[in-house]
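Novice: Sharing a structure here in structure tokens format.
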Amino acid sequence: MKIAIGCDHIVTNIKAEVATYLKNNGHEVIDVGTYDYVRTHYPIYGTRIGHLVATGEVDFGVALCGTGVGISASATKVPGTRVALVRDATSARLARSEYNCNVIAAGGMVTGVDLIKNIVDTFAETEYEPTPEKEAIIKAMDETLKPEDVHYTPDMFDDFLTKWNNGEYHD
């Protein structure tokens, strides 16, 4: 499988370990960043993951931040994504089999790295089990935003990053 993975600066080491694990298990991994521990923001990486998933460039995405909340909320804004923030393998399995989710998110500071690996394995191994009822629910989720409503470009965060690097934003 081809898998996009990304994180914020808080869990870079966990993302790297999960990415290596996936590669060692035969998956092609597209790492969208971040790659170091310099303060950054998860919306950038959640959006990058979502775009790769929504365009079909990858089979699914793995989104990680401290709690998983911020990056999952960001990835789900990309039309064509169905993102599940999970803390266990059962939720990962149900996200895939019931809702055909295509991005799995977890919090690297609240979920152990070995459990995250198990969550990702379970998600990857689970098949969607369509029924008319599930299809109706997914259709309603997908129609909330349409791809033409959002215009993603790989450089859409460049101005933000320049201002950040110039010290114009403060926590």
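The values are calculated or read from the model by the stated rules, or taken from the named source; none is laboratory data. Keep in mind that what you see is a predicted model, and the values were worked out from it rather than measured. Cβ sites come from the backbone with ideal geometry, for glycine too, and all protein chains shown count toward neighbours. Side chains are part of the model used for accessible areas, which takes the heavy atoms of the whole protein and leaves out ligands, DNA and RNA. Shrake-Rupley method; radii C 1.70, N 1.55, O 1.52, S 1.80 Å.
Novice: Would you mind calculating the gained length between Lys2 and Asn118 on full extension (0.36 nm times residue separation, minus the Cα-Cα distance), in nm to one decimal? Before the final figure, lay out each step's value.
Specialist: Values: separation 116, 0.36 × 116 = 41.76 nm, distance 1.73 nm.
Value of the extension gain: 40.0 nm.
Novice: Take the cross-link list Lys2/Lys163; Lys23/Lys117; Lys23/Lys134 and give me the ones stretching past 23 Å between alpha-carbons.
Specialist: On the way: Lys2/Lys163 33 Å; Lys23/Lys117 12 Å; Lys23/Lys134 32 Å.
Lys2/Lys163; Lys23/Lys134, as the Cα separations exceed 23 Å there.
Novice: Subtracting the Cα-Cα distance from 0.36 nm times the residue separation, let me have the gained length for Ala16 to Tyr37 in nm, one decimal.
Specialist: Values: separation 21, 0.36 × 21 = 7.56 nm, distance 1.20 nm.
So the extension gain works out to 6.4 nm.
Novice: Then there is this: When the dipole is taken about the Cα centre of segment 24-171, and only Lys, Arg (+1) and Asp, Glu (-1) are charged at their Cβ, what size is it in debye, to the nearest 20?
Specialist: 340
Novice: Let me ask another. Would you calculate, for the chain, the mean residue ellipticity at 222 nm contributed by helices, counting each DSSP H stretch of 4 or more residues as -39,500 (n - 2.57) and dividing by all residues, to the nearest 500?
Specialist: Details: 7 runs with 76 residues, N = 171.
About -13500 deg cm²/dmol.
Novice: Keeping every protein chain present and rolling a 1.4 Å probe, give me the accessible area per residue for the chain in Å². Spell out each step's value before the answer.
Specialist: Values: 8660 Å² over 171 residues.
With all protein chains present, the chain gives 51 Å² per residue.
Novice: Same structure again: Give me the net charge of Asn118's neighbourhood, meaning all other residues with Cβ under 12 Å from the Cβ of Asn118; Lys, Arg count +1, Asp, Glu -1. Numbers along the way, then the final one.
Specialist: On the way: positive: Arg87, Arg93, Lys117; negative: Asp88, Asp114, Asp121, Glu125.
Local charge sum for Asn118: -1.
Novice: Hey, another quick one. Just to check I understand the Karplus step: with θ = phi - 60° and J = 6.51 cos²θ - 1.76 cosθ + 1.60, what whole-Hz values come out for segment 89-102, glycine and proline as x?
Specialist: 3J(HN,Hα) across segment 89-102, in whole Hz: 5, 4, 5, 5, 4, 5, 4, 7, 6, 9, 10, 6, 4, 10.
Novice: I'd like the FRET efficiency for Glu168 and Glu133, computed as 1/(1 + (r/R0)^6) with the beta carbon distance as r and R0 of 41 Å, rounded to 0.05. List each step's numbers first, then the result.
Specialist: Values: r = 49 Å, r/R0 = 1.20.
It comes to 0.25.
Novice: Next question, about the same structure. Roughly what would the spin-label model give for Arg87 and Glu28, points 7 Å off Cα along C-beta, in nm?
Specialist: According to this spin-label approximation, the distance is 3.6 nm.
Novice: Take the chain, connect every pair of alpha-carbon atoms lying under 10 Å apart with a spring to form a Gaussian network, then pick out the residue of Ile119, Ile49, Ile71 with the largest mean-square fluctuation.
Specialist: Greatest mean-square fluctuation among the candidates belongs to Ile119.
Novice: Under 10 Å, Cα contacts only: if you run a Gaussian network model on the chain, which one of Lys134, Lys117, Lys77 comes out with the highest mean-square fluctuation?
Specialist: Comparing Lys134, Lys117, Lys77 in the GNM, the peak value goes to Lys134.
Novice: Another question, if that's okay. Can you give the local net charge around Ser97? Use residues other than it whose beta-carbon is closer than 15 angstrom to its beta-carbon, Lys and Arg +1, Asp and Glu -1.
Specialist: Details: positive: Arg82, Arg93, Arg96, Lys134; negative: Asp88, Glu98, Asp121, Glu125, Glu127, Glu129, Glu133, Glu135.
Local net charge: -4.
Novice: Around Ser74, with a cut-off of 12 angstrom between Cβ atoms, what is the net charge of the other residues, counting Lys and Arg +1 and Asp and Glu -1?
Specialist: Numbers: positive: Arg48, Lys77; negative: Asp8.
Net of charged neighbours comes to +1.
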